[in-house]
Amino acid sequence: GDGRGYFNLALNYRDGVGVTRDIAKANELFLKAGGHGEGAGYCNLAFNYQTGEGITQDVTKADELFLKAGDLGDGFGYFFLGLNYASGEGVTKDLVKANELFLKAGNLGKGMGYYKLGYNYANGIGVTKDVAKANELFKKAADLGFRDTRQPNMEYDTAK
């Protein structure tokens, strides 16, 4: 099977495109996509575990899947796992680990990872405050197409 093919089919079931909307079926296909190397499959399934969308809510399972997604090269997986470490959702709160995950997300091309890490450097969250380092990270985020470094509430364009 093809991970990307399963992932795209899962999106169709999730969104009801050409098929009857079926979140449970989408979740099965997201799992299959992840199992075939498509990290976005695990990441989307993780969101659904986190929110209980079409599956029994299980934040610990969500965090496991975010990690698997990141390990397959999906920067969103590391980013969202980092947010959970920052808040203690499903894991023990650990700001140092969160910042490591934000860096990994940035290194995988997700500008919001560099942005969030920069924000943490600017404010001394889990790291020693370092405004120069923060600005370096904000520039890296912008270089990756992350447009809005003004919003500390992390509203972002997930296309980047």
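FYI, it's all coordinate maths here, none of it is from the lab. In this text, all values refer to a predicted model and were calculated from it rather than measured experimentally. Positions of Cβ are generated from backbone atoms using ideal geometry, with glycine treated the same way; all protein chains shown enter the neighbour counts.
The average projected area of the range 39-87, computed from the convex hull of its Cα atoms over all directions, is 2.7 nm². Taking 25 Å as the straight-line reach from the Cα of LYS116, the lysines in range (excluding those fewer than 8 positions away in the same chain) are LYS61, LYS68, LYS93, LYS97, LYS104, LYS129, LYS133, LYS139, LYS140, LYS160. Once a ≥ b ≥ c are taken as the square roots of the eigenvalues of the Cα gyration tensor of the range 37-132, is the result rounded (a/c under 1.5), prolate (a/b larger than b/c) or oblate (a/b not larger than b/c)? Judged from the Cα gyration tensor, the range 37-132 comes out oblate (a/c at least 1.5, b/c at or above a/b).
Just want the answer: with Cβ charges of +1 for Lys and Arg and -1 for Asp and Glu, which residue in GLY82, ASN120, ALA40 is farthest toward the dipole's positive end in the range 18-160? Towards the positive end, the residue furthest out is ASN120. Semi-axis lengths, largest first, of the ellipsoid equivalent to the range 70-121 are 16, 13, 7 Å, with √(5λ) applied to each eigenvalue of the Cα gyration tensor. With kT/(6 pi eta Rh) evaluated at 37 °C and eta = 0.692 mPa s, and Rh the Kirkwood radius from Cα pairs, the chain diffuses with a coefficient of 206 µm²/s according to Stokes-Einstein.
Rounded, prolate or oblate: which fits the range 1-74, taking a ≥ b ≥ c as square roots of the Cα gyration tensor eigenvalues, rounded meaning a/c under 1.5, else prolate when a/b beats b/c? Oblate, because a/c is 1.5 or more while a/b does not exceed b/c. Think of the chain as a dipole: +1 on every Lys or Arg Cβ, -1 on every Asp or Glu Cβ, centred on the Cα centre; then among GLY3, ALA105, GLY54, ALA105 lies furthest on the positive end.
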